[in-house]
Structure formats: C-alpha cells, structure tokens
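Notes follow the structure.
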Amino acid sequence: GQSLEQPSEVTAVEGAIVQINCTYQTSGFYGLSWYQQHDGGAPTFLSYNALDGLEETGRFSSFLSRSDSYGYLLLQELQMKDSASYFCAVRATNAGKSTFGDGTTLTVKP
Amino acid sequence: EAQVTQNPRYLITVTGKKLTVTCSQNMNHEYMSWYRQDPGLGLRQIYYSMNVEVTDKGDVPEGYKVSRKEKRNFPLILESPSPNQTSLYFCASSPRQNNSPLHFGNGTRLTVT
C-alpha cells in the first residue's frame with residue numbers, strides 16, 4: 001500500500017517562505033505531485049517531481065528525495081491568496097491507483 | 001475550454017434512493033478517477049479507469065459502482081446510498097496512466113439523510 005504524511009497546519013506571514021513536508025511509504029510510484037485546493041474547490045496541479053532534486057515553477061518549488069522517502073513544497077514570497085490546502089500525491093506504477101496525503105492547511109497572515 | 005464537468009454540484013437525497021453523479025471530460029484523456037473528500041481525511045480514491053471498459057477499485061470502493069463505456073464519460077453510481085456516503089466528491093482525468101497531472105471537476109457535495 002501507499003501512505004503519505006503531511007503536517008495538518010502551517011501558518012506564515014505575508015512575504016515569508018514556507019516549506020510543507022511530505023514523507024511517504026510506497027512500493028513504487030511515478031513521482032510526487034503537489035496540488036492546491038481553496039475552500040472545498042477543485043484541487044489544481046502545482047508541481048511534479050519525477051526524479052530526485054528541485055523543480056522550480058515561479059514562486060513555487062518542489063523537491064524529492066527517493067532515498068529518504070521525502071519531498072517538500074516550498075512557497076516563496078507568500079501572498080494572502082496562497083492561503084489554501086496543499087496535498088502531496090503519488091500514482092502507483094503497477095496500477096492506476098493514486099494516493100493523496102491528508103493535506104496541509106496553510107494560513108497566510110498579514 | 002478544456003474541462004472536467006461534474007453534475008450535479010449539490011445533491012440531497014434519502015437513504016436507499018439510487019443516484020448517479022455524472023462526469024465528463026473533453027480532453028480525450030485516457031485516465032479518469034473518482035475521489036471522496038471528508039474533513040481531515042484528504043482525497044481518497046473510490047474507483048479509477050485507465051481506458052474504455054477498464055475500471056478498477058481504489059481505496060474506498062464499497063457502496064459505489066462506475067462504468068466507462070465511452071472515453072469522455074465516467075459516471076459514479078450509488079445503488080443504495082447511506083448517510084456515511086455524505087461527502088464531497090471529485091472526478092478527475094489525466095492524459096495517461098502515469099503521473100501526468102490530474103484535472104479535477106468542481107465537485108459534487110452529496111448529503112444522504
């Protein structure tokens with residue numbers, strides 16, 4: 001099976017940098033993805049790491065270390081609109097089953 | 001516009017009354033999937049389909065059925081809904097089985113009384 005663990009809540013101030021960690025136990029997956037969800041709306045794709053290392057997309061970066069079973073999402077220059085829930089996710093390579101972490105609620109304060 | 005469309009957005013029903021939530025995508029995606037989201041539990045996969053006539057169970061399939069007769073449609077069927085199926089449901093699709101990004105519908109909030 002697959003399981004992913006994330007912190008349930010993170011709080012930061014506008015303009016700061018925040019890191020959301022994701023540790024996983026899985027027996028084979030394509031890569032680690034990150035999604036953002038505002039207040040029960042549709043989750044939207046943010047970033048994906050197929051290989052170890054850092055991927056950068058504007059203010060957002062994501063990192064994966066398969067040897068450590070660990071990844072993180074880094075959000076820079078935080079804005080109020082970044083207040084949302086963030087989910088890490090994997091898709092198994094031996095089937096189409098996908099697994100999400102329980103999500104991290106980020107609150108950005110002025 | 002490329003999108004995943006779910007209907008209805010909100011549904012209140014009673015225990016045991018069969019219902020179907022429709023999902024349609026216009027991006028010619030092979031992979032489609034259903035999730036339920038409950039407070040504090042994130043997104044849990046119900047069923048997925050890797051192509052037409054190919055479906056398989058996710059982590060929480062009990063009480064649900066799906067079908068994939070056409071590439072664009074992937075309806076979720078609750079034959080006999082129960083109150084524990086009250087939840088927020090999302091349909092998603094992606095081009096292929098691999099980890100290509102999932103495109104989500106806007107969700108269906110289901111209440112079973």
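The values are calculated or read from the model by the stated rules, or taken from the named source; none is laboratory data. On a predicted model such as this, the values are computed, not experimentally measured, just so you know. Here the Cβ positions follow ideal geometry from the backbone for every residue, glycine too, while neighbour counts run over all protein chains shown. Just so you know, the surface numbers come from the protein's heavy atoms only, side chains and all, with ligands and any DNA or RNA stripped out. Shrake-Rupley method; radii C 1.70, N 1.55, O 1.52, S 1.80 Å.
Tell me the per residue accessible area of chain B using a 1.4 Å probe; a whole number in Å² is fine.
47
Counting Lys +1, Arg +1, Asp -1, Glu -1, what net charge surrounds A:S62 among other residues with beta carbon under 15 Å of its beta carbon?
Values: positive: A:R59, A:R66; negative: A:D52, A:E55, A:E56, A:D68, A:D82.
So the environment of A:S62 carries a net charge of -3.
Packing-based ranking of A:46-55, A:8-17 yields A:46-55, A:8-17, ordered from highest to lowest mean Cβ neighbour count within 10 Å.
Between A:Q76 and B:E70, the simple spin-label model (points 7 angstrom out along Cα→Cβ) gives 4.6 nm.
Which peptide among B:100-108, B:14-22, B:60-68 comes first, and what is the full order, when sorted by highest mean count of other Cβ atoms within 10 Å?
The packing order, highest mean first, is B:100-108, B:60-68, B:14-22.
Take each residue of peptide A:96-106, count the partner chain Cβ atoms within 10 Å of its Cβ, and average: the result is 6. Calculated on C-alpha atoms, the gyration radius of the protein assembly as shown divided by its Kirkwood radius gives an Rg/Rh of 0.97.
Would you mind getting me the FRET efficiency between A:S65 and A:S8? Use the beta-carbon distance for r and R0 = 30 Å, nearest 0.05. Could the numbers behind the result be given before it?
Values: r = 22 Å, r/R0 = 0.74.
With R0 = 30 Å, the Cβ-Cβ based efficiency is 0.85.
With the simple spin-label model, which puts each label point 7 Å out from Cα in the Cβ direction, the B:T111 to A:D39 separation comes to 1.9 nm. Peptide B:102-108 shows a mean partner chain C-beta count of 4 within 10 Å per residue C-beta.
What size of dipole, in debye to the nearest 20, comes out for chain B about its Cα centre when the only charges are +1 on Lys and Arg C-beta atoms and -1 on Asp and Glu C-beta atoms? Please report the intermediate quantities before stating the final value.
Values: 13 positive and 9 negative charges, 41 e Å.
My answer is approximately 200 debye.
Residue by residue along B:86-94, Cβ atoms of other protein chains within 10 Å of the local Cβ number 2 on average. Rolling a 1.4 Å probe over the protein heavy atoms of chain A, with every protein chain left in place, gives an accessible area that is 47 percent carbon and sulfur.
What's the FRET efficiency of B:N28 with A:T93 using the Cβ-Cβ distance as r and R₀ = 25 Å, to the nearest 0.05? E between B:N28 and A:T93, to the nearest 0.05, is 0.60. Label-to-label distance for A:T23 and B:E1 is 4.2 nm, based on points extended 7 Å past Cα in the beta-carbon direction. With the cut-off at 1.5 for a/c, could you classify chain B from its C-alpha gyration tensor as rounded, prolate or oblate? Prolate. Solvent-accessible area assigned to carbon and sulfur over chain B amounts to 49 percent, based on a 1.4 Å probe.
Where does segment A:1-87 land on Rg(C-alpha)/(2.2 N^0.38 Å)? Walk me through the numbers before you get to the answer.
Working: Rg = 12.9 Å, N = 87, 2.2 N^0.38 = 12.0 Å.
Scaled against compact globular proteins, the figure is 1.07.
Please compute the net charge surrounding B:G40, taking Lys and Arg as +1 and Asp and Glu as -1 over other residues with Cβ under 12 Å from its Cβ. Provide the component values of the computation, followed by the final result.
Details: positive: B:R44; negative: A:E9, A:D102, B:D38.
Net charge in that neighbourhood comes out at -2.
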